[in-house]
Structure formats: structure tokens, C-alpha cells
Amino acid sequence: MRPSGRKLNQMRPVSIETGVMRHAEGSCLIKIGDTHVLCSATIEDRPPPFLKNTGLGWVTAEYGMLPRATNSRTRREAAAGKQSGRTQEIQRLIGRALRAGVDRSALGERQIVVDCDVIQADGGTRCASITGGWVALRMAVNSLLASGAIISDPIMDHVAAVSCGIYAGQPVLDLDYPEDSSAGTDGNFVMTGRGRLIEVQMSAEGATFARDEMLGLLDLAEAGSAELVAAQKAALGQA
């Protein structure tokens with residue numbers, strides 16, 4: 001039995017509200033259960049220096065958690081004077097994931113920065129950030145197309161991410177914090193709308209896992225990713 005009472009293959013409720021920030025070229029508030037992340041996309045009309053005169057664009061990300069996103073206050077990283085290793089690892093993952101779905105030559109020499117701020121955390125914040133970050137990115141690219149700044153859509157496919165793991169000896173989809181904190185195996189799966197894999201992060205947290213168990217988690221991830229892509233489409237009014 002899962003602590004939440006959900007079925008093994010059941011996602012938490014998913015909602016994506018778009019246009020929640022007035023000034024951002026793209027924004028959304030994504031809620032996956034009690035994990036809530038505010039995502040925004042900003043267009044910068046110049047690429048990072050290492051891409052100057054290459055004709056290629058760039059998509060990058062920044063990630064952070066509000067001090068009371070968790071059950072006890074976490075000190076602001078700005079006050080500490082540096083980002084934690086966890087924060088750096090997560091924002092690099094978000095950037096890699098979103099870039100995988102973009103034709104950077106069609107984007108042209110500009111950069112889109114996707115900011116993901118965790119308002120409330122209950123497990124799966126990096127996955128929610130990727131899924132919501134893609135919606136904000138899609139909206140920003142739509143604004144470039146509408147203005148005529150670019151003529152070809154650089155977004156090649158949806159990108160979504162979901163966690164899966166082995167909890168109490170059983171494979172489960174979309175771990176919340178009580179499951180994530182005690183799972184024997186924990187994995188994050190980043191996938192395209194067509195079901196192609198972008199990145200898989202899996203580790204044995206308390207017990208090793210077999211090949212068949214890994215494939216079972218992949219099956220769960222495919223189903224969960226499809227549900228998230230459907231939520232992205234609904235939020236954007238896509239058929």
C-alpha cells in the first residue's frame with residue numbers, strides 16, 4: 001500500500017496554469033500533487049559568448065527552492081553566497097533536457113533562460129521543473145514565431161519527466177516525498193512526446209535492482225510521461 005493510497009501506476013493530480021507572470025515571455029505554474037513549481041522563460045537576443053557567430057541558439061535553466069518549500073526552513077542560497085551541488089546538478093539536468101527538444105539552428109543566435117522556482121516540495125521537483133519548464137519554453141518560442149523573429153519552429157517535440165522507483169518492494173510511478181525518502185530504488189526518466197529517452201537517472205538507494213525491475217520502471221515512466229504530455233497539450237490548448 002502506498003502512503004497516499006494511490007495505485008502503483010497512478011500519478012498524482014497534475015495541473016498546469018499558463019500565463020501566471022505578466023512580464024515573462026512564457027510562464028506557468030505546474031502542480032503535481034503537493035509539488036508546486038513556478039516556471040518562466042526569458043528571451044535574450046544574444047547567445048552565450050561561446051556560441052557567438054555560430055548561428056546556433058541556446059536554452060539554459062536556473063532552479064531554486066523557496067525557504068519554506070519544505071517542512072523546515074532552508075537558508076536562501078544567495079545568503080550563503082553559493083549554490084549547493086544539488087541545485088547546480090538539477091539546473092544542468094533541466095537545461096540538458098529542454099535543449100534535447102530544440103533545433104538550435106532554427107532558434108538562431110539567441111538564448112532562452114528557463115527559471116524554475118519551487119514554491120512547495122513533496123518529491124519530484126526536478127521532474128515537475130522539466131515538464132513545466134517545457135511549457136514556458138513553448139510559449140516563449142510561440143512569441144518569437146508570432147513576431148516574425150524566427151520563421152521555423154525550433155521545438156521538435158514535447159519534453160516531460162517523471163520519477164519512478166521501487167517502494168516497499170513494488171515498482172511505483174511518480175514518487176512523493178514519503179516514498180522518495182525511503183525507496184529502495186529511485187529513478188528519474190526524461191522523455192520526448194514520442195517516447196524517446198533523453199536521460200535516465202537511476203540508483204539503488206537501499207537495495208540493488210534487477211534488469212527486469214528497471215524495465216518495469218521504464219514501462220511506468222512511459223505511461224506517466226504520456227499523461228504529462230497530455231497535460232502540457234491541454235494547458236497550451238493543443239489538439
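Which of the residues belonging to the range 52-81 are in a loop (DSSP other than H, G, I, E, B), among the small types (Gly, Ala, Ser) and surrounded by fewer than 14 Cβ atoms within 10 Å (Cβ to Cβ)?
The answer is GLY55, SER72, GLY81.
From the list VAL135, VAL159, which one is modelled with pLDDT of 95 or more, buried (at least 22 other Cβ atoms within 10 Å of the Cβ) and farther than 30 Å from ARG75 by Cα?
Selected residue: VAL159, the only one of VAL135, VAL159 that is modelled with pLDDT of 95 or more, buried (at least 22 other Cβ atoms within 10 Å of the Cβ) and farther than 30 Å from ARG75 by Cα.
Scan the range 188-212 for residues that are at positive phi and either of a type in the set (D, E, K, R) or in contact with a Gly (Cβ under 7 Å, 6 or more places away or on another chain) (or both) and report the count.
0
From the list GLY64, GLY33, GLY57, pick out the single residue that is in contact (Cβ under 8 Å) with a residue 40 or more places away in the chain, on the phi > 0 side of the Ramachandran plot and out of contact with any His (no Cβ under 9 Å at 6 or more places or on another chain).
Of GLY64, GLY33, GLY57, the one residue that is in contact (Cβ under 8 Å) with a residue 40 or more places away in the chain, on the phi > 0 side of the Ramachandran plot and out of contact with any His (no Cβ under 9 Å at 6 or more places or on another chain) is GLY33.
For GLY193, only one of the following conditions fails: (1) surrounded by fewer than 16 Cβ atoms within 10 Å (Cβ to Cβ); (2) within 14 Å of the chain's Cα centre (by Cα); (3) within 18 Å of ALA136 (Cβ to Cβ). What is its number?
(1)
For GLU199, all conditions in the list (1) charged (D, E, K, R); (2) surrounded by 14 or more Cβ atoms within 10 Å (Cβ to Cβ); (3) free of Cβ contacts under 8 Å to residues at least 60 places away in the same chain hold save one; what is the number of the exception?
(3)
Hey, could you check the range 1-33 for residues that are outside any loop (DSSP other than H, G, I, E, B) and small (Gly, Ala, Ser) and say which is surrounded by the fewest Cβ atoms within 10 Å (Cβ to Cβ)?
SER15
Before we move on, is THR125 under 30 Å from LEU220 (Cα atoms) and either touching a residue at least 60 places away in the same chain (Cβ under 8 Å) or of a type in the set (Ser, Thr, Tyr) (or both)?
In short, yes.
So, in the range 110-132, of the ones that are over 25 Å from SER4 (Cβ atoms) and not β-branched (Val, Ile, Thr), which residue ends up surrounded by the most Cβ atoms within 10 Å (Cβ to Cβ)?
ASP115
The values are calculated or read from the model by the stated rules, or taken from the named source; none is laboratory data. Just so it is clear, the model here is predicted, and its values are computed rather than measured. Here Cβ is always computed from backbone atoms with ideal geometry, including for glycine, and neighbour counts include all displayed protein chains.
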